[in-house]
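Everything below concerns the one structure shown next.
The values are calculated or read from the model by the stated rules, or taken from the named source; none is laboratory data. Please read these numbers as outputs of a predicted model, since none were measured by experiment. Cβ atoms come from the backbone with ideal geometry, glycine included; neighbour counts cover every protein chain shown.
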Amino acid sequence: MEIMMKVAALMPDPMSRMPILILKDIQSDLILPIWIGLYEANAIAISLEGGVTPRPMTHDLLKNFLDQVNIKVDKIVINDVRDNTYYAVIYCRQHDLSYLIDARPSDAIALALRTNSPIYVDEEVIKMTKSPELGQNPEDSERLRKLLESLKPEDLGKYKM
């Protein structure tokens, strides 16, 4: 089963200063934090804030290309996590043809935001993320727990990096 989510926050990790993308289930308080790269965070933040760049960024270029060849992004799905690395698939359609394109979640989300496509996370990914296997380093697990507990409702929806 897939859970529809939205970008709830984009913030720096207080310890590493790496960007964290916080996805939130649109029907519950369930959240999924994903550490992403700085360039991808910037691309997502620009899209969330309605910013326009003087020249197309990579995700804008991809959207423009898809528009020109009449390919629609139906949805993106974060469908797996292995060794603390998330995987995503972009579901595209051109007329009667369907395409599944492997992608990093940050790139898939940046494209989804530009194409107004829904963002989903596979329920199994949520279960795996909560599993003890992912928290092998107790310091990282404790740091994440403290970070998520410290989030206030007013923090969600802020995208400044």
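Close Cβ contacts (under 6 Å, 6 or more residues apart or on different chains) running from residues in the range 83-110 that are farther than 22 Å from Ile126 by Cβ and among the aromatic types (Phe, Trp, Tyr) to residues that are modelled with pLDDT under 95 and loosely packed, with under 13 Cβ neighbours inside 10 Å are absent. Against the list (1) surrounded by fewer than 19 Cβ atoms within 10 Å (Cβ to Cβ); (2) under 10 Å from the mean Cα position of the chain (by Cα), the condition Ala112 fails is (1). Is there any pair linking a residue in the range 53-76 that is free of Cβ contacts under 8 Å to residues at least 60 places away in the same chain and surrounded by fewer than 17 Cβ atoms within 10 Å (Cβ to Cβ) to one that is assigned to a loop (DSSP other than H, G, I, E, B) and of a type in the set (A, V, I, L, M), with Cβ under 9 Å and at least six apart or on different chains, and which? Close Cβ pairs (under 9 Å, with a partner that is assigned to a loop (DSSP other than H, G, I, E, B) and of a type in the set (A, V, I, L, M)) amount to Phe65/Ile71.
Checked against the criterion of being on the phi > 0 side of the Ramachandran plot and of a type in the set (Asp, Glu), the range 123-135 contains not a single residue that satisfies it.
Considering only residues that are assigned to a strand (DSSP E or B) and among the aliphatic types (A, V, I, L, M), which ones fall in the range 3-29? Within the range 3-29, Ile3, Met4, Met5, Val7, Ala8, Ala9, Leu10, Met11, Ile20, Leu21, Ile22, Leu23 qualify.
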